[in-house]
Amino acid sequence: MESVLAYQSSEVDWCEDNFQFSEEVAEFYNTVSSASFFIFAPIMMYLLHPYAKERTHAVHLVWLMMMIVGVFSAYYHMTLSYMGQLLDELSILWVLAIGYTLWFPRHRFPFFIKDRCTFAGLVFFTATLSTVFSFAKPTINAYALNSITLHILYVLCQEMKSCTDPQIQRLAFTTVAWWALAISCWLSDRLLCGFWRRINFCYLHSFWHILISVASAHGCTLFAYFDAQYEIPFARPEVHYWPGDKWKVALPYLSVNYKTRLQKQC
Ligand SMILES: CCCCCCCC/C=C\CCCCCCCC(=O)N[C@@H](CO)[C@H](O)/C=C/CCCCCCCCCCCCC
Ligand SMILES: [Ca+2]
Ligand SMILES: [Zn+2]
């Protein structure tokens, strides 16, 4: 047990120099930047609350899990332990599982699945199996998790084929742009560390933490929008931005129209 908790027992070491500032913290910038999950999650929980109230409070689980990802990510970079790595990766796997359960469009379910409850069962079975397999070769886990994003991108492209709303096209474009920036940093830190060391700039993984938090906030709002359109169309979902619709860099959220719903019910 002691060895899986030991500092640097993980096979993966990120580009940032270890123990630069303290003997307790292996990768200082990577540890500190994990706070971005903590900063964005409560804001998104608040912004998506009207949609969650209308649809299901389970939406908040995604943001709770994001905070857990933040804790495990900080623990992992602080210790570079095997346990830290697994906790970080498994928490990502499960936040993705919750995201799929909530937002995967019903009309794209496999033909043998008729309702969201059965779909949730399939997702949770797959995630449990993947949890078990993740112990087999931990070095490939992160690549496997990143390839799930390719499936999310595929679903997004399919959904956008029938979407002509310029607001949603803008949101889809921004989501993919943030994600592309994030994954470039992740891959570059992983594969081109020699180059970054030579120019003394080893902080790309900490940029990834911030960029993927922003990309996730965008991606979740986008899929929540598709979901609201299919599942609660009477709520007339609309995308807005915080702090303001005119801001160039802002967090997207969904507004729902309670008034229309009340009129419909009467
Ligand atoms: C129908 C599909 C709905 C999908 C909803 C998606 C909900 C996902 C929400 C957030 C997940 C973000 C988690 C990021 C955690 C990063 C922690 C980290 O940095 N870990 C690294 C080690 O420190 C590790 O190497 C990283 C592994 C890979 C992580 C893959 C994350 C996938 C994020 C998917 C984001 C979707 C954005 C939309 C893209 C078009
Ligand atoms: Ca390192
Ligand atoms: Zn990380």
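Side notes on the structure shown:
- Order of Val62, Val239, Val69, Val249 - criterion: other Cβ atoms within 10 Å of each residue's Cβ, fewest first: Val249, Val239, Val62, Val69
- Dividing the summed helix terms, -39500 (n - 2.57) for each DSSP H run of n ≥ 4, by the number of residues in the chain produces a 222 nm estimate of -22500 deg cm²/dmol to the nearest 500.
- Added length on full extension, which subtracts the Cα-Cα distance from 0.36 nm per residue, Ile113 to Asn257: 48.7 nm
- When you filter the GluC sites (Glu not before Pro) in segment 3-99 for DSSP loop state and at most 12 other Cβ atoms inside 10 Å of their Cβ, you are left with Glu11, Glu23, Glu24.
- Relative to the longest principal axis of the Cα atoms of the chain, the long axis of helix 59-79 makes an angle of roughly 10 degrees.
- Taking Lys and Arg as +1 and Asp and Glu as -1, the other residues whose beta-carbon sits under 13 Å from that of Ala120 total +2.
- Tilt relative to the chain, helix 166-191 - C-alpha long axis, 0 to 90 degrees, to 10: 10 degrees
- ³J(HN,Hα), Karplus 6.51/-1.76/1.60, whole Hz, each residue of segment 122-135, x for Gly, Pro: 5, 4, 5, 5, 4, 5, 5, 4, 5, 4, 5, 5, 5, 7
- For segment 213-229, the Karplus equation 6.51 cos²θ - 1.76 cosθ + 1.60, evaluated at θ = phi - 60°, returns couplings of 5, 5, 4, 5, 4, 5, x, 5, 5, 5, 6, 5, 5, 4, 4, 5, 4 Hz by residue, with Gly and Pro reported as x.
- Between Thr164 and Asp13, the contour length at 0.36 nm per residue exceeds the Cα-Cα span by 49.9 nm.
- When segment 2-265 is described by a simple charge dipole with +1 on each Lys and Arg Cβ and -1 on each Asp and Glu Cβ, the residue from Leu93, Gly244, His77 located farthest towards its positive end is Gly244.
- Computed FRET value (nearest 0.05) for Leu150 with Phe124, which takes r as the C-beta separation and R₀ as 25 Å: 0.70
- Furthest towards positive pole of dipole, Ser162, Ala127, Pro42, structure part segment 2-265, Cβ charges: Ser162
- Förster radius 35 Å - calculated FRET efficiency between Ala35 and Phe173 (Cβ-Cβ, nearest 0.05): 0.80
- With neighbours defined as other Cβ atoms within 10 Å of a residue's Cβ, the residues His151, His209, His77 order from fewest to most as His151, His209, His77.
- In degrees, nearest ten, helix 82-103 long axis to first principal axis of the chain (Cα): 10 degrees
No value in this document is a laboratory result; all are computed from the given coordinates. Just so it is clear, the structure is predicted and the values come from calculations on it, not from any experiment. Heads up, the Cβs are rebuilt from the backbone with ideal geometry, glycines too, and the neighbour counts pull from every protein chain shown.
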